[in-house]
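The values are calculated or read from the model by the stated rules, or taken from the named source; none is laboratory data. It should be emphasised that the depicted structure is a prediction, and the values quoted were computed from it without experimental measurement. In this analysis, Cβ positions are derived from the backbone assuming ideal geometry, glycine residues included, and neighbour counts consider all displayed protein chains.
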């Protein structure tokens, strides 16, 4: 599809081209905002006929990479995260931090692992240096062999010192191959190799060398001990998780090697839940085409229409059978859930920081000022409130504060209802706001510049009637954050009834930044309030459970929880241990034990 300038804006494939074009231009209702936006810009199109579905899939992928069309899913990694490169193409391979993969190096034989968080990258490199006697200087071998004396790392057993000219390139390569095994989670083979070397050194009475090898072995075991084994059968699997919010989708890929998670990759693409199949397909095609190794099983979150063709494409790339699998039960299902929860966590993190690593957190506030006709710089402190309850129990509210676009957690506050006794969100909000503004001007309760109400016109009007009735709140701005039918943030509404919808593919950068900010506020205030409600419910359940034991009143309940910490601690205690608690008699101890364990 091309626009009026002749630029390619979309590339797709279809078994029946007539039906596809009819769905776009046949005059019917287009349910997808993205497709509707695309169709409005199409001025011309051209097509190519190929011989099979597999050929169509390959051609589609190549054209997307060539033209980078606006309405296709384009894979862009988060370049704020570094990789670790191993130059297996060199005689004496190097291991170093790289900010992005170099296509020329990769083509020559170098391998990349990552991307990592900066701190994680440092930790991984530190661990490698603890386990393997790798050179850390910038000397180039064999060019610099024999030019200088070995550095301190050689003398303390931290480097093989190929600079001495006594280390064969094959021996150094063998050590580098073990580093590759380390990244692939094959710790057992490395451990056995180090153990054999240590025993040999000990037999040869080289106790200093044996001690160095022992330290490496301990470092390796500490790493493997901290990594959970996810699969009972040691095999290689990739798991892909997707999560959409704020007009973007996060793709999180977990890499399991020999049953352990050894790496992960995170990518963000523009697109919503409606684009899941396109996002998944394009990620698999674009990512694995340049991947040095493709595992035999790739877990996907959804069934895919082109699954067989994509499997055929990957099988050709890998030179062996590759399968795409949607797990329904067992260990692989648990792993797929882990990938999905990781994708959600990465999206929450991205939204909280307002986009990419270098994003300006105040940018959405300046746009909000523009929409409200407010003076530039007039919005700094934003507050939002949410009510949570379980029927008529545990009625509470959370208040979150954002300063200059960032959460100010020291100013967060919780409210447990004192006056409201039955489920009534408006009455609860009235009590919350009244109590909040009773502290106006105190530390942590400074006046907000804007209150962002969770809801549409009805909720905004209700909150306005409370706020405007309180003295000292005249200058506070109010706006409502409304959601769509999928319960995702969809726009903002102002007191005068104006709405700004923040959905669709054609959002401006300002609209995207505001959408992210509003999504962050809504998610954060909901999380904060519901966490408090769950905490209150847990306390209530504990209290009710202990209240059911004859002879155990408030003082004894308090002593029990202080002594054992939790209700589980009380439940797991023996009669003798219960009797050691302050205020608990022998009869009380037996009654408590009998309550939890019957007559045993």
Would you check which residues across region 564-600 are more than 14 Å from residue 550 (Cβ to Cβ), touching a residue at least 24 places away in the same chain (Cβ under 8 Å) and either crowded, with 16+ Cβ neighbours inside 10 Å or outside the structural domain of residue 553 (by TED's automatic domain parsing) (or both) and list them? 567, 570
For residues in region 20-41 being surrounded by 13 or more Cβ atoms within 10 Å (Cβ to Cβ) and in a loop (DSSP other than H, G, I, E, B), which is modelled with the highest pLDDT? 41
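Being in contact with a strand residue (DSSP E or B) (Cβ under 8 Å, 6 or more places away or on another chain), part of a helix (DSSP H, G or I) and within 23 Å of residue 74 (Cβ to Cβ) narrows it down to one of 324, 280, so name that one. Working first, answer last.
Numbers: 324 fails: part of a helix (DSSP H, G or I).
Going through 324, 280 in turn, the sole match is 280.
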Residue within region 431-444 that is touching a strand residue (DSSP E or B) at 6+ places or on another chain (Cβ under 7 Å) and either part of a strand (DSSP E or B) or outside the structural domain of residue 492 (by TED's automatic domain parsing) (or both) present: no
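Could you pull out the residue among 397, 339 that is outside the structural domain of residue 460 (by TED's automatic domain parsing) and buried (at least 23 other Cβ atoms within 10 Å of the Cβ)?
On the way: 397 fails: outside the structural domain of residue 460 (by TED's automatic domain parsing).
Matching residue, one of 397, 339: 339.
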Among the listed residues 536, 514, which satisfies the condition of being within 44 Å of the chain's Cα centre (by Cα) and within 30 Å of residue 364 (Cα to Cα)? 514
Apart from one, (1) at pLDDT below 80; (2) surrounded by fewer than 14 Cβ atoms within 10 Å (Cβ to Cβ); (3) in contact with a strand residue (DSSP E or B) (Cβ under 6 Å, 6 or more places away or on another chain) all hold for residue 44; the odd one out is (1)
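Looking only at region 142-181, filter to residues that are touching a residue at least 60 places away in the same chain (Cβ under 8 Å) and touching a helix residue (DSSP H, G or I) at 6+ places or on another chain (Cβ under 7 Å); which one of those is farthest from residue 215 (Cα to Cα)?
Keep residues of region 142-181 that are touching a residue at least 60 places away in the same chain (Cβ under 8 Å), which gives 162, 169, 172-173, 176, 179-180.
Within this subset, residues satisfying the condition of being touching a helix residue (DSSP H, G or I) at 6+ places or on another chain (Cβ under 7 Å) are 162, 172, 179.
Numbers: 162: 21, 172: 20, 179: 17 Å.
Filtering first and then ranking leaves 162.
Which members of region 368-377 meet the condition of being surrounded by 14 or more Cβ atoms within 10 Å (Cβ to Cβ) and touching a helix residue (DSSP H, G or I) at 6+ places or on another chain (Cβ under 7 Å)?
Residue satisfying the conditions is 368 alone.
Results for (1) touching a helix residue (DSSP H, G or I) at 6+ places or on another chain (Cβ under 9 Å); (2) in contact (Cβ under 8 Å) with a residue 60 or more places away in the chain; (3) surrounded by fewer than 18 Cβ atoms within 10 Å (Cβ to Cβ), shown as yes or no for each residue.
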{"residue": "253", "(1), (2), (3)": "yes, yes, no"}
{"residue": "264", "(1), (2), (3)": "yes, yes, no"}
{"residue": "269", "(1), (2), (3)": "yes, yes, no"}
{"residue": "275", "(1), (2), (3)": "yes, yes, no"}
{"residue": "298", "(1), (2), (3)": "yes, yes, no"}
{"residue": "301", "(1), (2), (3)": "yes, yes, no"}
{"residue": "320", "(1), (2), (3)": "no, no, yes"}
{"residue": "334", "(1), (2), (3)": "no, yes, yes"}
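When you look at residue 93, is it at pLDDT 85 or above, under 30 Å from residue 134 (Cβ atoms), assigned by TED's automatic domain parsing to the domain that holds residue 178 and touching a strand residue (DSSP E or B) at 6+ places or on another chain (Cβ under 7 Å), yes or no? Break it down stepwise before answering.
Numbers: at pLDDT 85 or above: yes; under 30 Å from residue 134 (Cβ atoms): yes; assigned by TED's automatic domain parsing to the domain that holds residue 178: yes; touching a strand residue (DSSP E or B) at 6+ places or on another chain (Cβ under 7 Å): yes.
So residue 93 passes the test.
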